[in-house]
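What follows is a single structure, written as structure tokens, with notes after it.
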Amino acid sequence: MKCFTLTAAGILFTVLITVNNASSNSNMEELVKKSMEETFKACKDKLTPENFALLNKDPHADNQEIKCFKACGMNHAGIMADGKIQIEKMEEKLNSLLGEDKKDFSKIIIGRAKPCVEEANKGENECDVAAGFEACVQKTINTKSDN
């Protein structure tokens, strides 16, 4: 279920989980958990039981319905509007959720996410935009952290 909820909430919550894993702040853990639950409740009607099971089995599973589920999560999280990624909103959200001691981490994440916005926003619809952004940011973060 953990992998599924990471996908459900989109890249913002993937980032927050990363931050949370590096922190012992139990308030952050509760905030992330609550946000993920709210997002899932708001978007669960976008996903069939078959795709729910698929995402539980493979959080990187990808089809149009899953892409649209990710878009719903990003819309609900406030980092997507009118079918486009709003990096400024993502930055605001991260900064509001992170303590002062994590602001530098937020800058790093946003710096790695920004190059993905322009390309992702070229998607044909919000579903493609969300999936493209999430895939790009995950790849960028994983590539940079491997160095």
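The values are calculated or read from the model by the stated rules, or taken from the named source; none is laboratory data. Given the structure is predicted, the values throughout are model-derived calculations rather than measurements. Reconstructed Cβ throughout: ideal geometry from the backbone, glycine too, with neighbour counts over all protein chains shown.
Summary of values
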item	result
Count of residues meeting criterion [touching a Ser or Thr at 6+ places or on another chain (Cβ under 7 Å), closer than 16 Å to F133 by Cβ and without any contact (Cβ under 8 Å) to a residue 24 or more places away in the chain] in region 45-90	0
Residue that is modelled with the highest pLDDT [pool: residues in region 64-93 that are of a type in the set (S, T, N, Q) and surrounded by 14 or more Cβ atoms within 10 Å (Cβ to Cβ)]	Q86
Helices (runs of 4 or more DSSP H) (entirely within region 43-136) containing at least 1 residues that are under 14 Å from the mean Cα position of the chain (by Cα) and either under 26 Å from E30 (Cα atoms) or of a type outside the set (G, A, S) (or both)	64-77, 87-97, 103-120
Test result for N121, surrounded by fewer than 20 Cβ atoms within 10 Å (Cβ to Cβ), modelled with pLDDT of 90 or more and within 20 Å of K139 (Cα to Cα)	yes
